[in-house]
Amino acid sequence: MIFQQTTKELLAESLKDLAQTKPVDKITIKELTKNCGLTPPTFYNHFCDKFELMAWIYNQEVEASLKNFGRGDSFEDVICKWMEVVREDENFYVNLLKNAVGQNSFRYVTNDHAINLIADWIKIRHGINDLSPEILFCIKFFMRGVSELVNDWALTGCECSPREMAKFFISAMPAPLKPLLLQI
């Protein structure tokens, strides 16, 4: 079956293609758009910069992994899926982690997105309108730690399995989050 790609998907595929042979910080918007037959203005209609495109690629996978959270998938399963995304395209993600740094870097944008996804999931699942400052702090604290350790894991060759890492993360989860994320 043939399916038509969206412009965002074309740009994502182009970035992944170019990143096979070049550090992402050396890829220009002009080069990226030329590679997929688009123009720079088209890129800017969809993304403000390369960092946003990089994050969009990963965030699409992350959001998909949350579909079954609480409906058969545990939070440990969700973390495993996030790590498997990185492992399945390890060269691309290592390139992003090594070469996309700065205030709006891949690391920060994707981590902020994960924090928001978890906070929104808790609100919806538990019928909470506003999370307490303590819960918000715990989500940020926990997800920043998970993010940095997953980055280390990817940059050092994925020495243990996603499941082993996820078990470590669950055991280190702040107590106030456990009833919200583990007892579903």
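Observations on the model:
Condition check ((1) β-branched (Val, Ile, Thr); (2) open to solvent by 80 Å² or more (accessible area, probe 1.4 Å); (3) at pLDDT below 90) across all residues:
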position: 20; (1), (2), (3): no, yes, no
position: 29; (1), (2), (3): yes, no, no
position: 46; (1), (2), (3): no, no, no
position: 55; (1), (2), (3): no, no, yes
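- Condition check for residue 34: in a helix (DSSP H, G or I) and either modelled with pLDDT under 90 or not small (Gly, Ala, Ser) (or both): yes
Conditions (1) within 30 Å of residue 26 (Cα to Cα); (2) touching a Leu at 6+ places or on another chain (Cβ under 7 Å); (3) open to solvent by 70 Å² or more (accessible area, probe 1.4 Å); (4) in contact (Cβ under 8 Å) with a residue 60 or more places away in the chain, marked per residue:
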residue	(1), (2), (3), (4)
65	no, no, no, no
95	yes, no, no, yes
120	no, no, yes, no
142	no, yes, no, no
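- Out of 30, 22, sole residue that is farther than 30 Å from residue 123 by Cα and in contact with a Pro (Cβ under 9 Å, 6 or more places away or on another chain): 30
- Any hit, region 112-129, residues being modelled with pLDDT under 90, closer than 22 Å to residue 161 by Cα and of a type in the set (D, E, K, R): no
- The numbered conditions (1) among the β-branched types (Val, Ile, Thr); (2) open to solvent by 50 Å² or more (accessible area, probe 1.4 Å); (3) at pLDDT below 95 are all true for residue 39 except (3).
- Residue within region 10-25 that is farther than 30 Å from residue 166 by Cα and of a type in the set (Gly, Ala, Ser) present: yes
- Residue tally, condition in a helix (DSSP H, G or I), more than 17 Å from residue 65 (Cβ to Cβ) and open to solvent by less than 70 Å² (accessible area, probe 1.4 Å), over region 154-171: 1
- Remark: pairs (first residue in region 167-184, over 13 Å from residue 77 (Cα atoms) and modelled with pLDDT under 95; second residue exposed (fewer than 12 other Cβ atoms within 10 Å of the Cβ) and aromatic (Phe, Trp, Tyr); Cβ separation under 8 Å; 6+ apart in sequence or on different chains) are absent.
- Test: residue in region 72-81 that is assigned to a helix (DSSP H, G or I), farther than 16 Å from residue 108 by Cα and modelled with pLDDT under 85: no
- Subset of region 122-140 (residues that are assigned to a loop (DSSP other than H, G, I, E, B) and surrounded by 14 or more Cβ atoms within 10 Å (Cβ to Cβ)): 131
- Residue match in region 98-107 (condition: open to solvent by 70 Å² or more (accessible area, probe 1.4 Å) and at pLDDT 90 or above): no
The values are calculated or read from the model by the stated rules, or taken from the named source; none is laboratory data. All of these numbers come straight from a predicted model, not from anything done at the bench. Backbone-built Cβ (ideal geometry, glycine too); neighbour counts: all protein chains shown. Note: areas computed on protein heavy atoms with side chains; ligands, DNA, RNA excluded. Shrake-Rupley method; radii C 1.70, N 1.55, O 1.52, S 1.80 Å.
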